[in-house]
1. So which pairs qualify, if the first residue must be in the stretch 1-19 and within 23 Å of residue 45 (Cβ to Cβ), the second must be among the acidic types (Asp, Glu) and in a strand (DSSP E or B), the Cβ gap must be under 7 Å, and the two must be at least 6 apart or on different chains?
2. Name the pairs whose Cβ atoms lie under 9 Å apart, with the first residue in the stretch 66-93 and assigned to a strand (DSSP E or B), the second of a type in the set (Asp, Glu) and surrounded by 12 or more Cβ atoms within 10 Å (Cβ to Cβ), and 6 or more positions between them or separate chains?
3. Of the residues 74, 59, 37, 2, which single one is of a type in the set (D, E, K, R), under 14 Å from the mean Cα position of the chain (by Cα) and farther than 17 Å from residue 89 by Cβ?
4. Find the residue count for the stretch 12-29, including only residues that are surrounded by 15 or more Cβ atoms within 10 Å (Cβ to Cβ) and under 22 Å from residue 80 (Cβ atoms).
5. Quickly run through the stretch 48-57 and pick out the residues that are at pLDDT below 95 and part of a strand (DSSP E or B).
6. Go through the stretch 30-64 residue by residue and tally those that are surrounded by 13 or more Cβ atoms within 10 Å (Cβ to Cβ), farther than 17 Å from residue 78 by Cβ and of a type in the set (A, V, I, L, M).
7. Does the stretch 34-42 contain at least one residue that is among the small types (Gly, Ala, Ser), out of contact with any Gly (no Cβ under 6 Å at 6 or more places or on another chain) and not in a loop (DSSP other than H, G, I, E, B)?
8. Residues being farther than 21 Å from residue 16 by Cβ and either touching a helix residue (DSSP H, G or I) at 6+ places or on another chain (Cβ under 8 Å) or buried (at least 16 other Cβ atoms within 10 Å of the Cβ) (or both): count how many of those fall in the stretch 69-85.
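The values are calculated or read from the model by the stated rules, or taken from the named source; none is laboratory data. As the structure is a computational prediction, the values presented were derived from the model and not from experiment. Every residue, glycine among them, receives a Cβ derived from its backbone with ideal geometry; neighbour counts consider all protein chains shown.
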Amino acid sequence: MKIINSTADHYDYNGTTYYYVAGYIQNSADSDASNVKMVVTFYDASGNVVATNGTAYIKPATIPATGQSRFYVKFEDPNNEIASYNVNITSAQ
């Protein structure tokens with residue numbers, strides 16, 4: 001399992017600023033992967049951890065053998081502190 005593509009940016013919705021990360025997870029195994037868990041860590045410009053989010057939306061939730069799933073995660077960032085991020089897949093079955 002690996003992240004093969006991701007992008008991120010700030011956006012405003014109903015007066016609240018969010019930072020989102022979206023991308024794809026590649027399953028290189030010969031069997032389906034289910035119950036995939038991931039953690040996204042958000043950093044400020046100095047490299048300090050601003051927040052973490054372990055509740056990524058993954059679709060399809062079961063990643064087919066040698067297939068891909070899209071993921072999406074967001075976090076409120078009203079002060080535009082988030083400057084970078086790191087995505088880690090923590091487990092899968």
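1. Between residues of the stretch 1-19 that are within 23 Å of residue 45 (Cβ to Cβ) and residues that are among the acidic types (Asp, Glu) and in a strand (DSSP E or B), the close pairs are 16/76; 18/76.
2. 84/44
3. On the way: 59 fails: farther than 17 Å from residue 89 by Cβ; 37 fails: farther than 17 Å from residue 89 by Cβ; 2 fails: farther than 17 Å from residue 89 by Cβ.
Of the residues listed, the single one that is of a type in the set (D, E, K, R), under 14 Å from the mean Cα position of the chain (by Cα) and farther than 17 Å from residue 89 by Cβ is 74.
4. Within the stretch 12-29, residues that are surrounded by 15 or more Cβ atoms within 10 Å (Cβ to Cβ) and under 22 Å from residue 80 (Cβ atoms) number 7.
5. First, pick out the residues of the stretch 48-57 that are at pLDDT below 95: 50-57.
50, 51, 52, 53, 57, listed by residue number.
6. The total comes to 8.
7. Taking the stretch 34-42 as the starting set, the residues that turn out to be among the small types (Gly, Ala, Ser) are 34.
Right, trim to out of contact with any Gly (no Cβ under 6 Å at 6 or more places or on another chain) and you get 34.
Next cut, not in a loop (DSSP other than H, G, I, E, B) only: none.
No, there is no match, as no residue in the stretch 34-42 is among the small types (Gly, Ala, Ser), out of contact with any Gly (no Cβ under 6 Å at 6 or more places or on another chain) and not in a loop (DSSP other than H, G, I, E, B).
8. Matching residues across the stretch 69-85 total 2.
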